[in-house]
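The values are calculated or read from the model by the stated rules, or taken from the named source; none is laboratory data. Just so it is clear, the model here is predicted, and its values are computed rather than measured. Positions of Cβ are generated from backbone atoms using ideal geometry, with glycine treated the same way; all protein chains shown enter the neighbour counts.
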């Protein structure tokens, strides 16, 4: 009886810690999102009025003047293509907010429109039976929220803006975040702490999945700092239709760019049949939700050629509802990496592939063992003893089959794992320990081991 009671407590702890880690039944939320199949991305913000995708951060709100704004037209256009949701750019990289925010005067209420576009969007889409998602950029050049200038006040502004968006506009199915830990934005998850923002979002809307558009940096085999793996196809990010096992999102603009340009009404849009045959249908088969960007013009309306293309998609494609059951997936890694840029030691490696490549926060470089070493090892110095409860090893390719994980405390190495585990990304979660070093000892492999990143985390559970 005592053993059963103890086991019950263990299972309760694991259940509760899993809930805390994911903000709810994440697998169910991921399944619901990929079941939506097809949606409308709506890039509409101050760049619309500048013929640019990246706006002047000092552009005056006076230029934002869509005199015929009609979000119902957008929603009906989405409905005509059998889309099931929309996603609106509430704030793009230049920092202009198209909702009634109290955090800054750089917003739509100080423009000639003087109307809350986010409010009109969510109301219009819900009236057509469509789900609503929001896009939000961390990079904000107007408010100097960029590398080298980030302050505590910036982080508080982000939290306040997200609180407004997730409190005042009803149920938000997904939040797509951009300009964060991307190679071009260079705002790390330490500059703006990811776990703090993630948990704020989940506390406000536990049913909202979080997507960070960061797949250019992170490997496709696991979820790093996102609930849904996202791919911007126009930037060369391609999802594998042969190997993907993660909940995913692929995005592409119907036109030649994300925001409206003066040549859009007269330039050809992407072929509707090609979009159906090469994007919607094959991606839906691999747990990938496809989102097509449709850019409203300066009047706040979708151009006729885009409307026609959406209607044609609807004539040749029908939304058949839920996709195949999503395979089980490890909870996303969302915590600060204690091992990043810490001193590293290892057994013999060639000079071009030495230790610091294994924890340099770059998944495209790697430490690699010299081919003559029979039992290679790799070690991270953590500095003063600290707590941690997760280790993630990302190989250059799936190769290491058997290994030991150990941590050092008071000069003694103690075991964490000893066995076999396959896959390029090897995620280990365990009860919290304290130590000043961690290491992997590799015992089974086909070719000389190469570690792209060795991550150590103290997750809040």
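A quick yes/no check of all residues on (1) within 30 Å of residue 49 (Cβ to Cβ); (2) touching a helix residue (DSSP H, G or I) at 6+ places or on another chain (Cβ under 9 Å):
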{"residue": "300", "(1), (2)": "yes, yes"}
{"residue": "305", "(1), (2)": "yes, yes"}
{"residue": "320", "(1), (2)": "no, yes"}
{"residue": "335", "(1), (2)": "no, yes"}
{"residue": "348", "(1), (2)": "no, no"}
Query - Flag if residue 295 is in a loop (DSSP other than H, G, I, E, B) and modelled with pLDDT of 95 or more - result: yes
**Report entry** Filter result (within 14 Å of the chain's Cα centre (by Cα), over 18 Å from residue 156 (Cα atoms) and part of a loop (DSSP other than H, G, I, E, B)) within the range 186-212
**Finding:** 208
Report summary line: (1) surrounded by 22 or more Cβ atoms within 10 Å (Cβ to Cβ); (2) more than 26 Å from residue 188 (Cα to Cα) all hold for residue 334 apart from (2)
Query raised in the report: Inside the range 262-274, can you point out the residues that are assigned to a loop (DSSP other than H, G, I, E, B) and more than 13 Å from residue 306 (Cα to Cα)?
Result: 262
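Go over the candidates 429, 424, 402, 439 one by one and state the one that is touching a residue at least 40 places away in the same chain (Cβ under 8 Å), in the same structural domain as residue 377 (by TED's automatic domain parsing), out of contact with any helix residue (DSSP H, G or I) (no Cβ under 6 Å at 6 or more places or on another chain) and over 23 Å from residue 342 (Cα atoms).
On the way: 429 fails: over 23 Å from residue 342 (Cα atoms); 424 fails: over 23 Å from residue 342 (Cα atoms); 439 fails: over 23 Å from residue 342 (Cα atoms).
None of the other options fit; the residue is 402.
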Query - Output for the range 121-141, where each listed residue is in a helix (DSSP H, G or I), in contact with a helix residue (DSSP H, G or I) (Cβ under 7 Å, 6 or more places away or on another chain) and within 14 Å of residue 89 (Cβ to Cβ) - result: 121
Query raised in the report: Does residue 282 count as surrounded by fewer than 19 Cβ atoms within 10 Å (Cβ to Cβ) and part of a loop (DSSP other than H, G, I, E, B)?
Result: no
Query raised in the report: Any residue in the range 100-111 that is surrounded by 22 or more Cβ atoms within 10 Å (Cβ to Cβ) and either free of Cβ contacts under 8 Å to residues at least 12 places away in the same chain or part of a helix (DSSP H, G or I) (or both)?
Result: yes
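Answer with yes or no whether residue 74 is touching a strand residue (DSSP E or B) at 6+ places or on another chain (Cβ under 9 Å) and over 25 Å from residue 227 (Cβ atoms). Reasoning before the result, please.
Values: touching a strand residue (DSSP E or B) at 6+ places or on another chain (Cβ under 9 Å): yes; over 25 Å from residue 227 (Cβ atoms): yes.
Yes.
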**Report entry** The listed residue being out of contact with any strand residue (DSSP E or B) (no Cβ under 8 Å at 6 or more places or on another chain) and at pLDDT below 95, out of 216, 182
**Finding:** 182
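Looking only at the range 307-347, count every residue that is touching a strand residue (DSSP E or B) at 6+ places or on another chain (Cβ under 6 Å) and assigned to a loop (DSSP other than H, G, I, E, B) and tell me the total. Let's see the steps before the verdict.
Of all residues in the range 307-347, those touching a strand residue (DSSP E or B) at 6+ places or on another chain (Cβ under 6 Å) come to 330, 333, 335, 337-339, 342-347.
Still in the running and assigned to a loop (DSSP other than H, G, I, E, B): 330, 335, 338-339, 342-343, 347.
Adding up the residues that qualify gives 7.
Among the residues of the range 142-151, is there at least one that is in a strand (DSSP E or B) and in contact (Cβ under 8 Å) with a residue 12 or more places away in the chain?
Residues of the range 142-151 in a strand (DSSP E or B): 145.
Among the residues that remain, those that are also in contact (Cβ under 8 Å) with a residue 12 or more places away in the chain are: 145.
Yes.
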Requested in this report: Identify, from the list 415, 384, the residue that is in contact (Cβ under 8 Å) with a residue 40 or more places away in the chain, surrounded by fewer than 18 Cβ atoms within 10 Å (Cβ to Cβ) and part of a strand (DSSP E or B).
Outcome: 384
